[in-house]
Amino acid sequence: MTAFPPGRIRRRATLMSAICALVVTGTGLTGCGGEDPDKGTNGVGKLTPQQIQTKTRKVAVAADAVRLSGSVVVKGKTYKLDMRLKGKGGSGSVTSEGSTFRLLRVEEHLFLKADASFWSHEGNSKSDDAAAGKLDGMYVKVPKGDPAYQRLSGFTDKDVLLDGLLTLHGSLATAGRREQSGVRTIRLTGDKGSGGTLDVSLEGNPYPVRLVRGGGAGTLRLTEWGRDFALAEPPEKETVDYGRELPAS
């Protein structure tokens, strides 16, 4: 038997550990020497794809709050979102077609805040431009009867958004372990990815942390689960109430 110097043994052990880590990270296999890839995790990696989806949806719905950021494509139109949501409402920004506005909903009261250019249109009269200028930076209350209310309030509704987003289409499968922003995850796929992919946390509660929607319909990060945030109606002096109908935008 050949004797190896202690230094060479240590270097060889380090090299083997590095190779093992690379294999596990790159392919999602069980690891070297039969190491359990679910050791120290919440255990959802051992469940079937259907069970993982059911569990992650359950904890997501039960969470008090969440932050959604990224893009969503709806009927060919791309919306960039950065929203913080909880049961009583939400707040954040939405960008579409080069225009950014803020949304704030507290219970049933929905407010939209944008600059003057959002309310202005080519061919506007001087009086229209003056009116748009008065709305610059103000919170405009969106009437419940206005068609815009249903479209915009959906961006502030945690349950509506999660119900619509956390659905993978087609046959479910797992696609190995990943890492998202330093959090170990297991990836779910619908129809091998064409129906979307969802990364679920293997640490703590099995929250969904990254969603790629099928058909190129956007990518979202889901963070700050359970982290509360202040939610209050804007001061009256910063609010404009048009009654039953919003001005054209």
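A protection proxy built from the mean count of other Cβ atoms within 10 Å ranks the segments 69-77, 107-115, 178-186, most packed first, as 107-115, 178-186, 69-77. Straight Cα distances below 19 angstrom link Lys158 to the lysines Lys55, Lys58, Lys80, Lys86, Lys88, Lys144, with same-chain residues fewer than 8 positions distant left out. Scaled to the globular estimate 2.2 N^0.38 Å, the Cα spread of the range 130-170, given as radius of gyration, is 1.70. If the cut-off is 17 Å between C-alpha atoms, which lysines fall inside it for Lys134, apart from same-chain ones fewer than 8 positions away? Filter leaves Lys113, Lys126, Lys237.
The reciprocal of the average 1/r between distinct C-alpha atoms defines the Kirkwood hydrodynamic radius, which for the range 183-232 equals 11.9 Å. Taking amide H as placed 1.01 Å from N in the peptide plane, Leu222 has its amide H under 5 Å from the amide H of Arg210, Leu211, each at least 5 places away in sequence or on another chain.
Taken together, the values in this text are just the output of simple stated rules run on the coordinates, not laboratory data. Predicted, not measured: the structure shown is a model, and the values here were computed from it. Because the Cβ atoms are built from the backbone with ideal geometry, glycine has one as well, and the counts that use them run over all protein chains shown.
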